[in-house]
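Trainee: Okay, handing you the structure first.
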Amino acid sequence: MRRSAGWVILTAMTAIALPAAAQQAPEGLPAEKGVYYRADSNWVPLPRTLLLPFMEGEARQVFGFGGTRVNSQLSGAHALVRSGARPTFYVRGFSPFEGIYLIKGRVRNEYRVLPMTMRRNVFDGPEFHRGDGMDLEIRSITADLVSLQPRTDLKPGEYAIVVPPGGDFRWLGFGYSFGVPATTGTR
C-alpha cells in the first residue's frame, strides 16, 4: 500500500535517527516474526491480518471527482488485544526503512476498517488518510527488532500497526490490530 510522501520521509528520518549501538532483546520475547505487546508480564502476539483493499464509490473516480475510497477490513468489532493509552510494541522481522505505520481504524457493524484513498494511477496503490496515522518513536534494539511507541497518548478506539510484507507490494500489507479501551487512563 502506498503511503504519502510525508509519511515515508518521516519514517525514514526516524529510522536514520535510530541508535547505532545494539541492545539486548527484552527477556522472553519470542523469536518469530511479528508484533508483540507485554501484558501482565507475558508477551502477547498481536493477531495478523493480510490487508486487502476493497474499493467503494468508484463513481467518484469515473466522473472525475477525485480518488476512489478504499478500505481494508479487520474481522470483529474490537481487537482481542487491549493496551494502555501509550503502549510500547516490539516489532520483529520488519524493517522501519520499508515503513511501519500506526493507523486508527473505524468500527463498522461487526468489523473494523482502515480507510484509504486510491488516486488515478492504480499502479501506485492506495494511501492511508493523513489524519488516521499516528506519530511514532521507533528505536532499534537488534538487527531484526525495533520498539515503537506513539509519541502521545492514544484516544480510545481501534488501531492497527501496518507493515509491508516485503518487496514491492503496493496493494498488500499486514495489519496487527489492538484496541485502547475507553476506561484507559492517561499518565
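The values are calculated or read from the model by the stated rules, or taken from the named source; none is laboratory data. What you see is a predicted model; the values in this text were computed from it and never measured. In this analysis, Cβ positions are derived from the backbone assuming ideal geometry, glycine residues included, and neighbour counts consider all displayed protein chains.
Trainee: Cβ-Cβ below 6 Å, separation at least six or inter-chain, first residue in the stretch 145-156 and farther than 26 Å from P30 by Cβ and surrounded by 14 or more Cβ atoms within 10 Å (Cβ to Cβ), second modelled with pLDDT under 95 and hydrophobic (A, V, I, L, M, F, W, C): which pairs?
Mentor: D153/A85
Trainee: If you go through the stretch 30-57 one residue at a time, how many are surrounded by fewer than 16 Cβ atoms within 10 Å (Cβ to Cβ), in a loop (DSSP other than H, G, I, E, B) and not aliphatic (A, V, I, L, M)?
Mentor: 6
Trainee: Filter the stretch 70-96 down to the residues that are surrounded by 18 or more Cβ atoms within 10 Å (Cβ to Cβ) and either of a type in the set (K, R) or assigned to a strand (DSSP E or B) (or both) and list them by number.
Mentor: Of everything in the stretch 70-96, those that are surrounded by 18 or more Cβ atoms within 10 Å (Cβ to Cβ) and either of a type in the set (K, R) or assigned to a strand (DSSP E or B) (or both) turn out to be V70, N71, S72, L74, F89, Y90, V91, R92.
Trainee: Oh, and also: Are any residues in the stretch 97-113 at positive phi and surrounded by fewer than 19 Cβ atoms within 10 Å (Cβ to Cβ), and if so, which ones?
Mentor: N109
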